[in-house]
1. What fraction of the Cα pairs in the chain, stated in percent, has a spacing above 21 angstrom?
2. In deg cm²/dmol, rounded to 500, what helix-only [θ] at 222 nm does the chain give when every DSSP H run of at least 4 residues adds -39500 (n - 2.57) and the total is split over its residues?
3. Quick one: which residues, 5 or more positions from residue 35 or on another chain, have an amide H under 5 Å from its amide H? H modelled 1.01 Å from N in the peptide plane, none for Pro or chain starts.
4. Treating the beta-carbon of each Lys and Arg as +1 and of each Asp and Glu as -1, no other charges, what is the dipole magnitude of the stretch 13-67 about its Cα centre, to the nearest 20 debye?
5. Using only Cα atoms, find the angle between the long axis of helix 50-67 and the longest principal axis of the chain, and express it within 0 to 90 degrees, rounded to the nearest 10.
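Just so you know, all these numbers are worked out from the coordinates, no wet-lab data involved. This one's a predicted model, so the numbers in the text were calculated from it and none came from an experiment. Please note: Cβ atoms are built from the backbone with ideal geometry, for glycine as well, and neighbour counts cover all protein chains shown.
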Amino acid sequence: MVREAGIRPLGPASRGVESVLHVLALPERVSGRYFNETAVASPDPQARDEAVRQRLGAQTAALLDRSKISL
């Protein structure tokens, strides 16, 4: 998927799997935190920008509506 988008992968898919499994194995339920691989990290500033989040939500809703995908 990454290559089809014309983007060079930063690493193998297994590295992403390791990151997800790490978070799933934490003793407490994790919600609202960002991770860079296995380390807690700060999000990109856009993630905290309410206007950006609203636009992304509207664009996502429009794309889902156009493709007739229901969640």
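1. So the pairs more than 21 Å apart make up 55 percent of the total in the chain.
2. It comes out at -14000 deg cm²/dmol, rounded to the nearest 500.
3. 41
4. 100 debye
5. With rounding to tens, the tilt is 70 degrees.
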